[in-house]
Amino acid sequence: MSERAQSNTTGYLFVYFTGLEKKSTDEQIYFAISHDGCVWNDLQTDGNPILSSTVGERGVRDSFLVRAADGKHFYLIATDLSIFHRGGWKNSNASESGSTSLVIWESEDLVHWTAPRLVDVASTIPDAGMAWAPEALWIESDQQYMVYWSTRSEADNHVGDPTNVYYATTTDFEVFSDPVLWIDREHSVIDTTMIQADDGYFYRASQDGMLMIERTKNPYAVSIGEYNHSDDPKQWTAVYEFKKPFANPQYIGEYLEGPELFFYNPSDARPDPTGAAMIYGLMWDQHKTGNGYLPFRSSDLGSSDPIHWELASDVDFGSLKKRHGAILPITEDEYKRLKTSFLRENPASSHEIQG
């Protein structure tokens, strides 16, 4: 799989936006790098974002980074939205009149990027209001990427809130299949994140009020209405609510959103009390308090036993607030290339860069 840690990956790249919405540069693409997944250092160009959108709404949020299946290049996808240019959230009507396109960049080295381009993924959805929080996952069995995002549509809604998750498939991030309604719940569903774990199951987490962890062996299975609890591997099955391993009543949608699943490199996977490697990371954005990301580690995404989970209290995300981003394991050469290219003009960093 393209996004998981490999034997030659030793560091990490974090792509994100700051979310302050006070100036146009707040809703653009920022980078941070880390050698261990704990201490993060922000990369900038003269204090500016690494990438800025000049298309669509001229702002981007909810970025996601994908290493291509052939290992030769990268795709960066993001929401086409600028709350700053819309004058703030209050009168923006962003979910009703938002862009139905994603902003996409491509790169062969993580340093030099193509110009941003718009790809329409949601306009064929009746009464589509926006295309937000995209992610993508390479499905090895089908040799294609599954790209998923949230769209608000009263006309295409079956139950509850009209904000649901759709997916489309692509092999090149240029031509996409027709969108398919993927998750439709009583509450709005946004910010879905998904990976395939070592047990062969696909796991996903969404901001759906309950913060349910689900799994399946068929990622294309459609979920409409109540959660499925049958543990049928061909369907998405509700495994547990995220708050269960921690018995924390605030680990719910009122407080947390924007989940992000990722893999730790083998050298950084700490053992849980049983000795199993905690190779999975899961971050939640503390949107109610505005305190940024809350990170966790796990050795078994299918288990709600606290022994397989921990709050990663040792993570230092650096000086810039990081919102709705993605973490990708990278090689030492990629790490050094990013450091050389984007730290040179900004030697003042929140930490001393090593390597």
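The values are calculated or read from the model by the stated rules, or taken from the named source; none is laboratory data. What you are looking at is a predicted structure, and each value in this text was computed from that prediction instead of being measured. As a convention, Cβ positions derive from the backbone with ideal geometry for all residues, glycine included, and neighbour counts pool all protein chains shown.
Quick notes on this one:
- Selection status of D300, farther than 25 Å from K22 by Cα, in contact with a helix residue (DSSP H, G or I) (Cβ under 9 Å, 6 or more places away or on another chain), among the acidic types (D, E) and modelled with pLDDT of 95 or more: yes
- Test result for D42, charged (D, E, K, R), in a helix (DSSP H, G or I), buried (at least 18 other Cβ atoms within 10 Å of the Cβ) and in contact with a Ser or Thr (Cβ under 8 Å, 6 or more places away or on another chain): no
- Hits in region 251-279 (condition: surrounded by fewer than 21 Cβ atoms within 10 Å (Cβ to Cβ), under 16 Å from Y12 (Cα atoms) and of a type in the set (S, T, N, Q)): S267
- When region 11-58 is filtered for residues that are over 19 Å from the mean Cα position of the chain (by Cα) and free of Cβ contacts under 8 Å to residues at least 24 places away in the same chain, only N48 remains.
- When residues of region 202-230 are limited to those that are out of contact with any Phe, Trp or Tyr (no Cβ under 7 Å at 6 or more places or on another chain) and part of a strand (DSSP E or B), the one surrounded by the most Cβ atoms within 10 Å (Cβ to Cβ): S206
- Of all residues assigned to region 203-215, at least one qualifies as being under 17 Å from the mean Cα position of the chain (by Cα), at pLDDT below 95, over 20 Å from I77 (Cα atoms) and charged (D, E, K, R).
- If you go through region 5-30 and pick out every residue that is part of a loop (DSSP other than H, G, I, E, B), surrounded by 18 or more Cβ atoms within 10 Å (Cβ to Cβ) and out of contact with any Phe, Trp or Tyr (no Cβ under 8 Å at 6 or more places or on another chain), you end up with 1.
- Residue ID - surrounded by the most Cβ atoms within 10 Å (Cβ to Cβ), chosen from residues in region 77-135 that are closer than 19 Å to L65 by Cα and polar (S, T, N, Q): T79
- Some residue of region 292-303 being out of contact with any Ser or Thr (no Cβ under 8 Å at 6 or more places or on another chain) and of a type in the set (S, T, N, Q): yes
- Residue in region 231-254 that is touching a strand residue (DSSP E or B) at 6+ places or on another chain (Cβ under 7 Å), at pLDDT below 95, closer than 24 Å to A136 by Cβ and assigned to a loop (DSSP other than H, G, I, E, B) present: yes
- Single residue of D199, D172, D156 found to be in a loop (DSSP other than H, G, I, E, B), without any contact (Cβ under 8 Å) to a residue 12 or more places away in the chain and surrounded by fewer than 23 Cβ atoms within 10 Å (Cβ to Cβ): D172
- The set of residues in region 10-28 being out of contact with any Gly (no Cβ under 9 Å at 6 or more places or on another chain) and at pLDDT 95 or above consists of L13 alone.
- Some residue of region 72-92 being in a loop (DSSP other than H, G, I, E, B) and among the hydroxyl-bearing types (S, T, Y): yes
- Among (1) surrounded by 22 or more Cβ atoms within 10 Å (Cβ to Cβ); (2) closer than 24 Å to W132 by Cα; (3) touching a residue at least 60 places away in the same chain (Cβ under 8 Å) - the single one M283 does not satisfy: (3)
- Residues in region 136-147 that are surrounded by 23 or more Cβ atoms within 10 Å (Cβ to Cβ) and either touching a Gly at 6+ places or on another chain (Cβ under 9 Å) or part of a loop (DSSP other than H, G, I, E, B) (or both): 0 in all.
- Residue ID - modelled with the lowest pLDDT, chosen from residues in region 134-158 that are of a type in the set (G, A, S) and within 16 Å of T169 (Cα to Cα): S141
- Per-region count, region 43-100, residues at pLDDT 95 or above, under 19 Å from H112 (Cβ atoms) and among the small types (G, A, S): 5
- Residues in region 189-209 that are touching a Gly at 6+ places or on another chain (Cβ under 8 Å) and within 16 Å of E254 (Cα to Cα): D191, Q207, D208, G209.
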